[in-house]
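Colleague: I'd like to ask some things about the structure below.
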Amino acid sequence: MSDFNLYSRGDKIFGYANMFLIALFVLSTLYPFIYIAAASISSGFAVSSGQVVFFPKDITFAAYDKVLSDVVFWKSYANTFFYTIFGTLVSLAIIIPGSYALSRPQLVGRRYFNFFVAFTMWFNAGMIPFFLNLRDLDLLDSRFGILIAFACTAFNIILLRNFFEAIPKSFEEAARMDGAGDFSLLWKVFIPLSKPAIVTVALFCIVARWNGYF
């Protein structure tokens, strides 16, 4: 006897109703993608006149030919992939050591550094001072400027710092008894134990870089 037969009639009706509502929700989220796919291979007149609903009308691939033959399109995506890949690597190269340093209780002025990092989550100078700062540092119109200017956020640093602080002290003490320094401790103990948190921060960085406008 299956477990489903053990439910009452009301439970079964509730279950079917739930599945129906979930199916409607899934279809509602998929419809924009279906419409975009259908409109992309339909004629411009069919789209503007509202003839395209689910299925394409007057099928044509002229839009794809136009886009794929445009050199600017490929340059734009090349830039996007460049900033996403290398920007994420630069971000992790700054966030991981910074979070490790802020998680160490022996860091002189640790409370103040943590406060200054958290302070940037509440207050920032704004777009114009940020632009002027990049201009004065001669970072405008350069790949390095984009990579370094958006390298990290306070949220990611605090997130990874809290994870580092949650690692048991016994691991650190055992490593130091074996002669490990801070660099070895970070590379051989904290990073391997913090892979889930690092992957999470990396995903945040990837999304931020991919969606980056500036």
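The values are calculated or read from the model by the stated rules, or taken from the named source; none is laboratory data. Remember, it's a predicted structure, so these values are computed and weren't measured experimentally. Please note: Cβ atoms are built from the backbone with ideal geometry, for glycine as well, and neighbour counts cover all protein chains shown.
Colleague: So which residues in segment 178-204 are aliphatic (A, V, I, L, M) and assigned to a helix (DSSP H, G or I), if there are any at all?
Modeller: If the condition is that a residue be aliphatic (A, V, I, L, M) and assigned to a helix (DSSP H, G or I), then 185, 186, 189, 191, 193, 197, 198, 199, 201, 202, 203 are the ones that fit.
Colleague: Here's a follow-up. With respect to the numbered conditions (1) surrounded by 10 or more Cβ atoms within 10 Å (Cβ to Cβ); (2) part of a helix (DSSP H, G or I); (3) of a type outside the set (Asp, Glu); (4) under 27 Å from the mean Cα position of the chain (by Cα), which one is the sole condition not fulfilled by residue 124?
Modeller: (2) is the only condition that residue 124 fails.
Colleague: Does residue 23 satisfy being at pLDDT 80 or above and either surrounded by 12 or more Cβ atoms within 10 Å (Cβ to Cβ) or touching a Gly at 6+ places or on another chain (Cβ under 9 Å) (or both)?
Modeller: Criteria not met by residue 23.
Colleague: Continuing with this model, one more query. Scan segment 152-171 and give yes if some residue there is assigned by TED's automatic domain parsing to the domain that holds residue 92, more than 30 Å from residue 81 (Cβ to Cβ) and among the aliphatic types (A, V, I, L, M), otherwise no.
Modeller: Yes, segment 152-171 contains a residue that is assigned by TED's automatic domain parsing to the domain that holds residue 92, more than 30 Å from residue 81 (Cβ to Cβ) and among the aliphatic types (A, V, I, L, M).
Colleague: Further question on the same structure: Please enumerate the residues belonging to segment 166-181 that are surrounded by 13 or more Cβ atoms within 10 Å (Cβ to Cβ) and closer than 11 Å to residue 103 by Cβ.
Modeller: Initially, segment 166-181 is screened for residues surrounded by 13 or more Cβ atoms within 10 Å (Cβ to Cβ), giving 167, 171-172, 175-176, 180.
Answer for segment 166-181, where residues must be surrounded by 13 or more Cβ atoms within 10 Å (Cβ to Cβ) and closer than 11 Å to residue 103 by Cβ: 167, 172.
Okay, residues lined up against (1) among the hydrophobic types (A, V, I, L, M, F, W, C); (2) at pLDDT 85 or above:
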position: 88; (1), (2): no, yes
position: 101; (1), (2): yes, yes
position: 115; (1), (2): yes, yes
position: 119; (1), (2): yes, yes
position: 125; (1), (2): yes, no
position: 129; (1), (2): no, yes
position: 132; (1), (2): yes, yes
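Colleague: Look through segment 53-86, keep the residues that are in contact with a Phe, Trp or Tyr (Cβ under 7 Å, 6 or more places away or on another chain) and closer than 23 Å to residue 37 by Cα, and return whichever of them is modelled with the lowest pLDDT.
Modeller: The first filter runs over segment 53-86 and keeps only residues in contact with a Phe, Trp or Tyr (Cβ under 7 Å, 6 or more places away or on another chain), leaving 67, 80, 84.
Checking the rest, the ones that are also closer than 23 Å to residue 37 by Cα come to 67, 80.
Values: 67: 84, 80: 89.
Once the filter is applied, the top-ranked residue is 67.
Colleague: What residue, among those in segment 193-214 that are more than 16 Å from residue 157 (Cβ to Cβ) and touching a residue at least 40 places away in the same chain (Cβ under 8 Å), is surrounded by the fewest Cβ atoms within 10 Å (Cβ to Cβ)?
Modeller: 214
Residues are listed down the side, and each one gets a yes or a no for (1) within 28 Å of residue 185 (Cα to Cα); (2) buried (at least 17 other Cβ atoms within 10 Å of the Cβ):
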position: 54; (1), (2): no, no
position: 68; (1), (2): no, no
position: 71; (1), (2): no, no
position: 88; (1), (2): yes, yes
position: 93; (1), (2): yes, no
position: 102; (1), (2): yes, yes
position: 105; (1), (2): yes, no
position: 147; (1), (2): yes, yes
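Colleague: When segment 134-177 is examined, which residues are found to be closer than 23 Å to residue 196 by Cα and in a loop (DSSP other than H, G, I, E, B)?
Modeller: 150, 151, 152, 153, 167, 168
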